[in-house]
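The values are calculated or read from the model by the stated rules, or taken from the named source; none is laboratory data. Being a predicted model, the structure only gives us computed values, none of them experimental. Positions of Cβ are generated from backbone atoms using ideal geometry, with glycine treated the same way; all protein chains shown enter the neighbour counts.
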Amino acid sequence: MKPLTTIGDLLPTRRELLKFGGAGIAAAAAHAVWPLPARANDSRKTVPRGTARNVIFFELAGALSHVDSFDFKENAATLKEWDVRKTNTGIYVPHALFPRMATQMDKVAHVRSFVSHEEVHFRGQYYVQAGRQLNVAFATEIPSIGSVVASELESRRRANDTFPTYVSFNLTTNQVGAMSTGFLPARFSVFDLNPDEALKGMTLDQKATELLEERWRLLAQLRELNPGRLRGLDKSITGFEDFSATAKHLLSDGRWPAAFRIAENDRKRYGNTSVGLSSILARNLLQQDGGTRYIHICHNGWDHHKEIWTRKAATNHYQLIAEMDPALASLLEDLATTPAASGKSLLDETLVVCMGEFGRTPGPLNFQAGRDHHKHVFPAMFAGAGVKGGRVHGASDADGVKCVETGWQHKQQPRIENVVATIYSALGIDWGKEVRNMPSGRTYVYVDPLGANGFIPTDELSNIYA
């Protein structure tokens, strides 16, 4: 993109910025609740860990085949060319499929005992993003996990924190899209980025910056002339005002365009793919330390009911793994070697979670040479922020069909709710909080103890730290 030099150039840039990010603002609830009247539930004692400043959630939307990857089980589909062998941590991984991630197992804690409430993609991906089951009766009130994080961390934002707290990449590509802020104000919306579009640039030169500042002063003066003009209007108008302010701050902060500069060597290491570029940009945003604290990377397309291991197929697991492996491995490598302001590494300050919405059917391939949905047991990976790598918690049976060891203090298998509790705990957020005056009159619990078939544990996954 060429530098902007005229007033006329400013308006297209604003439209571009709206296209690059902020998709979650569109469906914000009309009746937002703020300040957040959240209070602790005395019957649910929680002690937030507070080991992380940041969280990166790396979503494998569509579901990776667990038995062919990070909960490997030899089965009728296993090929010798995959070169399955132990890593230096004793974890079996198909090295030919995951040559880069195989070197990162010392940083990763595996939990192989998850179960999901859901077994269809739309509901499963909603469950991952919202941290609870879909209830259509009051779905418009429910915020995403990232929006709750943004609201909770607002008091920690510094004067020079101009970046959105909650940023995502390609979240609009999954079946749910980017969730709204629900009962929270629109300013806690996700800023969803398409990396290919974002990398075209959003830089203003000095003259354009001065024009932007002049226009902003004029708008402020107009607001002062009629301060009550927004009173009684739809909350989305206020949300747009908030988003406009965010856009203005970003366009005039030199750290923002700096975060979108990518070295050619990084393109090669991460893989010059959408998920690779997203991972580089996630790293860069944290390096710039401009206020972004929760990043959701969506790597979509893993739903291979047919031709899962057919190389000539239009899409298959070979292709998706070849995108995911260098992206996630390079991200872990760079976070571990990048110093943070505290003197620690960025990985020491960042909890990284990688998982899909469920697993895929174990054993022989189906009649279409693919694998179907399997919610009964599947894994997730955790790294950073005090997580002890090179460990495996929980276990599936010899075929990967069912859980035989939950891997924590409960007989029940862990669920998405426990991942959410772990995220909140790592960020120092009390996950037992409740909001009791939503517009519908219902109570919103940060981590809901009511599951599909009764009450479920809402503990964090403390075992990954031990």
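Within the option set L285, L277, being touching a Ser or Thr at 6+ places or on another chain (Cβ under 9 Å), buried (at least 24 other Cβ atoms within 10 Å of the Cβ) and not in a strand (DSSP E or B) holds for one residue only, L285.
At least 1 residues that are aromatic (F, W, Y) and surrounded by 21 or more Cβ atoms within 10 Å (Cβ to Cβ) in each: list the strands (runs of 3 or more DSSP E) lying fully within the stretch 334-394 that qualify.
Working: elements: 350-355, 378-383, 391-393.
Once the strands (runs of 3 or more DSSP E) in the stretch 334-394 are filtered for at least 1 residues that are aromatic (F, W, Y) and surrounded by 21 or more Cβ atoms within 10 Å (Cβ to Cβ), what remains is 378-383.
Residues checked against (1) in a helix (DSSP H, G or I); (2) in contact with a helix residue (DSSP H, G or I) (Cβ under 9 Å, 6 or more places away or on another chain):
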site	(1), (2)
Q133	no, yes
T140	yes, no
G146	yes, yes
L153	yes, no
F163	no, yes
V167	no, yes
V176	no, yes
T181	no, yes
D196	yes, yes
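Flag set for G384, criterion: of a type in the set (G, A, S) and at pLDDT 95 or above. In the stretch 24-109, counting only strands (runs of 3 or more DSSP E) that sit wholly within it, the ones holding 1 or more residues that are at pLDDT 95 or above, more than 30 Å from K306 (Cβ to Cβ) and not basic (K, R) span 54-61.
As a summary of the residue check, L233 satisfies the conditions (1) hydrophobic (A, V, I, L, M, F, W, C); (2) under 27 Å from T140 (Cα atoms); (3) modelled with pLDDT of 75 or more; (4) out of contact with any helix residue (DSSP H, G or I) (no Cβ under 8 Å at 6 or more places or on another chain) except for the one numbered (3). One residue stands out among those in the stretch 315-359 that are touching a Lys or Arg at 6+ places or on another chain (Cβ under 9 Å) and among the β-branched types (V, I, T): the one that is nearest to H374 (Cα to Cα), which is V352. Taking Q413 as the residue in question, decide whether it is among the polar types (S, T, N, Q), surrounded by fewer than 15 Cβ atoms within 10 Å (Cβ to Cβ) and modelled with pLDDT of 95 or more. So Q413 fails the test. Any residue that is within 18 Å of F114 (Cβ to Cβ), touching a Pro at 6+ places or on another chain (Cβ under 9 Å) and either in contact (Cβ under 8 Å) with a residue 40 or more places away in the chain or crowded, with 17+ Cβ neighbours inside 10 Å (or both) - is there at least one of those in the stretch 427-439? Looking for residues that are within 18 Å of F114 (Cβ to Cβ), touching a Pro at 6+ places or on another chain (Cβ under 9 Å) and either in contact (Cβ under 8 Å) with a residue 40 or more places away in the chain or crowded, with 17+ Cβ neighbours inside 10 Å (or both), one finds at least one in the stretch 427-439, hence yes. Checked against (1) modelled with pLDDT of 95 or more; (2) within 14 Å of H296 (Cα to Cα); (3) among the aliphatic types (A, V, I, L, M), I142 meets all criteria but (2).
For the stretch 376-426, the set of residues classified as without any contact (Cβ under 8 Å) to a residue 40 or more places away in the chain and among the charged types (D, E, K, R) consists of D397, K402, K411, listed by residue number.
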